[in-house]
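Note sheet for the following structure.
The values are calculated or read from the model by the stated rules, or taken from the named source; none is laboratory data. Everything numeric here is computed off the predicted structure, so don't read it as measured data. Positions of Cβ are backbone-derived with ideal geometry, glycine not excepted, and every protein chain shown enters the neighbour counts. With ligands, DNA and RNA removed, areas are computed over all heavy atoms of the protein, side chains included. Shrake-Rupley method; radii C 1.70, N 1.55, O 1.52, S 1.80 Å.
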Amino acid sequence: MSFAIHTSAGNAASNHPLVTILLPPEARSLVLSQAALEKLGGFARVRTTDETALTEPLMAQLLDGAAVCITGWGTPSLEPYLSASHALGLVAHCAGSIRRLVPAAAVADGLRVTHAAAAIGDSVAEFTVAQILMALRHGDAFDSGLKSGAGWDMRNRYPGRLLGALTVGIVGGGYVGRSVIRLIRPFGARILVTDPVMSDAAARELGVERVTLDTLIAQSDVVSLHAPLLPETTGMFGAAELAQLKDGALLVNMARSPLVDEAALLAELRTGRIRAALDVFNVEPLPMTSPFRDLGGHVHLSPHAAGHTQDGHWRQGDLIVAEVERFMRGEPLRHEITAASYDRMA
């Protein structure tokens, strides 16, 4: 079977290692700018495809002889091809989680993996803070109200809150959680963090208080979730935890939907006691029949868009190209997922 595959030496000698980009054209252009592709071509042979669907036969051809593969959104699982790809030494993922692409056993067997979660963190953090501010100041209600003919008295119906006067709880102190902390800290808010691997020294450096989850829930006016989805974090916010939130609290989930019991959250939101800003859902795209669409001002919805900015996407590609170059030079990778960190970072 013939596929539209291109291999170019660029400015590199033909005996340079082969890097294959396992992304169809649209996804490739989203994360890899022309400058990034030119840089990659300066130290490697680059194999790409014009095909829009990465079928099994095409994946096998793209991986044949490759020392590095660059992956991203839309790349199929690599598990079926790893045993046959003896030359493959590095999976360089232009997105965050690699769990669906590379099994833990492959990393334990020596396959090296790096990812662009650090570059995504800034986009997610900005969106998180924007959603918090919009919710605290009822920006969506003002906008829709004025456009539908409401009067100036809306200011009295929707009293806002000052972020700097509140306590913000951050659940998860990884790339995104720390970026959110850095953005919120200048507002002067008290910031609490719960993270099982964060040290007291790291908390002090970030200017936050490390507390238990129960303490964070009880004391926070805003709770923002940035924990990885693991067996121990799935459903970490159930009916009991949601009931412990302060009256009027704002729950923000820009991480993974299963961190929260969705049915319990719907029930709590329907009471009007708390509000939520949600970017992730159990079923995506969000069905038109989803009850979340009927909750009005009790919930602020977005279509899993927190990490999506063009500038952020190109940063992801630039980060990955730099990681591939370090790998080629035998230098340490800066964003590597190791066997020891797989469960926490992948």
Based on alpha-carbon centroids, what's the gap between the stretch 130-189 and the stretch 97-117 in Å, whole number please?
37
Sites matching trypsin sites (Lys or Arg not before Pro) across the stretch 88-182 that sit in DSSP coil, with at most 14 neighbouring C-beta atoms within 10 Å
R100
Exposure of H6 as accessible area (Å², to 10), given a probe of 1.4 Å and all protein chains:
90
Value of Rg to Rh for the stretch 151-292 (Rh from inverse mean 1/r over Cα pairs, i.e. Kirkwood):
0.98
With the Cα gyration tensor of the stretch 59-213 in hand, convert its eigenvalues to equivalent ellipsoid semi-axes via √(5λ) and list them largest first in whole Å.
43, 23, 10
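Where does each of 61-69, 257-265 land if you order them by average Cβ count within 10 Å, highest first?
Packing order, densest peptide first, comes out as 61-69, 257-265.
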Toy charge model, Lys and Arg Cβ at +1, Asp and Glu Cβ at -1: the chain dipole around Cα centroid in debye, rounded to 20, equals 700
Test item: Cα-centred dipole of the stretch 112-263, Lys/Arg +1 and Asp/Glu -1 on Cβ, debye
440
